[in-house]
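Here the structure is laid out as structure tokens; the discussion comes afterwards.
The values are calculated or read from the model by the stated rules, or taken from the named source; none is laboratory data. Note that the structure is predicted; figures quoted are calculated from it, not measured. When we count neighbours, we look across all protein chains shown, and the Cβ atoms used for this are built from the backbone with ideal geometry, even at glycine. We work out accessible area using only protein heavy atoms, side chains counted, and drop any ligands, DNA or RNA first. Shrake-Rupley method; radii C 1.70, N 1.55, O 1.52, S 1.80 Å.
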Amino acid sequence: MTAELVRGQNHPLSQSRLEIRISAGTPVAAAAALGDENGRIHGTQWVAHPGAPVQPGLEVSRQAAADHRLAVDLDAMTDAVHRVSVLLALPAANAGAGPARFGSVAAPFVAVTGLDGTEVASYTITGLDLESAVVALELYRRQGAWKVRAVGQGYAGGLAELFADQGLSEAAQLAAGIDEAVAKGLARSVQAPPPRTPKGDRSRQAAAPAVGPDQGAAPQGASGPVPPAYAGQPAGGQGQGGPQPAYGGATDPHAPSGGPVDYSHPRRQTSAPPPPPPAAPPAQPGQPARPVAGDATGWSMEERLYNQVWGMFEDLARTAAAYRSAVDFAESRMDKELEQALSDPRSRIGGQGDAAREAARARYTQLVDQARASLDRDLDQLVAESEVVEPALPPAFARWDNPCWHAYRVPMEIPMALRLGDLRLPEAESIRIPMLLRLPLERGLWIDSGRTDSLDGSFTDSHDMRRLAMDTAVAHAARLLAVYPAGEFTVHVVDPAGSGAQALAPLTQTGVLAGPPAQGAAGVTEVLARLTQRVDLVQMALRGGAPDALPPGFDTSQQLLIVNDFPHGFDDRAVNQLRYLVDEGPPVGVHLMMVADREESAGYGPLLDPLWRSLLRLTPVPDDHLADPWVGHAWTYEPPSVPPGSEVLRQVLTQVAEARRTWNR
């Protein structure tokens, strides 16, 4: 039975291998500190954090997320360790880009579980206000036995004050290192899926929902109402599926008494519930239910498919986590049994020792085979689901080789999301999960042209990488143009040296760009000044409460700036303007897509780092740099690619150009 702790209460632990599961109302950084009998930390090597996620007996997530799983092996702790403190911190507190205190978000929830998911003790951290870092709970050793205690001690001074209070002399340096590691992690994180209903929003799941609520925060950067002219949507709404939280919606049963944030569409709050999803045909006895496209809840088939895709992503992430945890447990158990066999001098040689070692290896193989069988069962179901979902996806969600593009027509409404590529895990090479990003964009994109090799070693030439990066950027831009109604999306290009002319041909030859690609330093200056002025005008109109008082002929469409060959043609002023567009542009409909080599751009130092961290990094070749918001799996990202020899891109852009000409008449 689970012990629901209050501050200061403790509970005995009967297991040595545990998971600490954390759910918060916003992305938080998680760490764990080892302490002696007095609770003192003896050095930075006693802390597991995103910059150094593995310490003896400890493993934490490499990034900030709304949900975490920390692995703890108490038997692996040295005799000097008497306390393990679980720490949470708001990573945005120092960056000014999110909540700066725990009092403004839902109360974090922490649970101690066994490896099988059985909850041992839980604690909801209430009563926080100005604190930006907190000691959530601690595992401590008392008379040879381990216990867990609910702490909830917060610090308004953040991690630096927390570490200093625990006796660490390098407190400020360690806190700064953690902030830097978290900031880098934010540039590689995949957004979380939307929330599920309490009973699971997919009809094929009759069991309880996945462990840990999918919580979230309000849309980042949304500082005021955006008129329909800029957002392409009714003010106060976020498209067909409700608002777009940066890390998924909040349905936290452990939220404070005020209740979770209501993310429902304002025009649907008093309407009837959505129609039920299509029912799966009855399955044969003993067989799993056959999947059906659109079996998630939603107001439209598009919304159902969107929720279903993210449900598949979540299912794959968690079934892979269960498999990895089981394999880790099997390895740890085998190592412990082998160590015991070797520690007995009588069993080091002879048949008795050989038998003990063979038995340990046999038990390891049995446990791994059982875990693999469970994983394969889940993967078979996901493969079957993917086979029916992929052909049913609309153009905004579909691959370029999907037949739906042959019947493409310029849409009349903005879709919920856009497909940026595919995601997969090494345990499931046969499954590709569409990577969907909600619209309108909340953060820009950095297409990295600096990687010199792919996972399979097929690309090593830097010239090829730059060409592939620009091809990928054009494919993303073409899809954005294709999914927006005519006249509601405008693309500008800055190509100072003209090196992207060949890749840009589909955009320039079909006439879908706002103007010819800007070249040279003068072209860079002119485009950046024009877009910066646009952001200023819209912000002034919104702050003055007069969004209709913009100059006559003002282009109210969403704006995308593609920058190629950065930093060629850019000075410090231009880089600062790029940063301004990244920070202030998305809420008023101005977005950035950088095509650049991170290492070549490193000379800008402090000017470039915030820009790099603010954009979502994508690659033109398969790369495992993205992570999920639960356990930090390294997902392999595969960029969208047009089939060789296919004219689908030009055909789609030709229709977009014709629709724009008709709309402008």
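Observations on the structure shown:
- Inside segment 512-533, residues that are within 23 Å of residue 478 (Cα to Cα) and assigned to a helix (DSSP H, G or I) make up a count of 6.
- So residue 373, is it surrounded by fewer than 12 Cβ atoms within 10 Å (Cβ to Cβ), of a type in the set (A, V, I, L, M, F, W, C) and within 29 Å of residue 422 (Cβ to Cβ): yes
- Enumeration of residues in segment 67-91 that are farther than 20 Å from residue 627 by Cβ and either free of Cβ contacts under 8 Å to residues at least 12 places away in the same chain or assigned to a helix (DSSP H, G or I) (or both): 74, 75, 76, 79
- Considering each residue of segment 622-629 in turn, none proves to be within 16 Å of residue 418 (Cβ to Cβ) and modelled with pLDDT of 90 or more.
- When segment 126-172 is filtered for residues that are without any contact (Cβ under 8 Å) to a residue 12 or more places away in the chain and more than 16 Å from residue 88 (Cα to Cα), the ones remaining, listed by number, are 142, 143, 144, 169.
- Residues that are open to solvent by 10 Å² or more (accessible area, probe 1.4 Å) and free of Cβ contacts under 8 Å to residues at least 60 places away in the same chain, drawn from segment 15-36: 34, 36
- Given (1) closer than 12 Å to residue 562 by Cβ; (2) among the hydrophobic types (A, V, I, L, M, F, W, C); (3) touching a residue at least 24 places away in the same chain (Cβ under 8 Å), number of the condition residue 513 does not satisfy: (3)
- The single condition from (1) modelled with pLDDT under 85; (2) closer than 30 Å to residue 21 by Cβ that residue 635 fails is (1).
- Those residues of segment 295-331 which are of a type in the set (A, V, I, L, M, F, W, C), touching a helix residue (DSSP H, G or I) at 6+ places or on another chain (Cβ under 8 Å) and within 30 Å of residue 113 (Cα to Cα), in sequence order: 296, 309, 312, 316, 320, 322, 326, 327, 329, 330
- Selected residue (criterion: modelled with the lowest pLDDT) from residues of segment 429-459 that are among the β-branched types (Val, Ile, Thr) and under 24 Å from residue 495 (Cα atoms): 452
- Complete set of residues in segment 550-595 that are small (Gly, Ala, Ser) and open to solvent by 50 Å² or more (accessible area, probe 1.4 Å): 553
- Segment 298-344, residues that are surrounded by fewer than 16 Cβ atoms within 10 Å (Cβ to Cβ), touching a residue at least 60 places away in the same chain (Cβ under 8 Å) and farther than 30 Å from residue 383 by Cβ: 336
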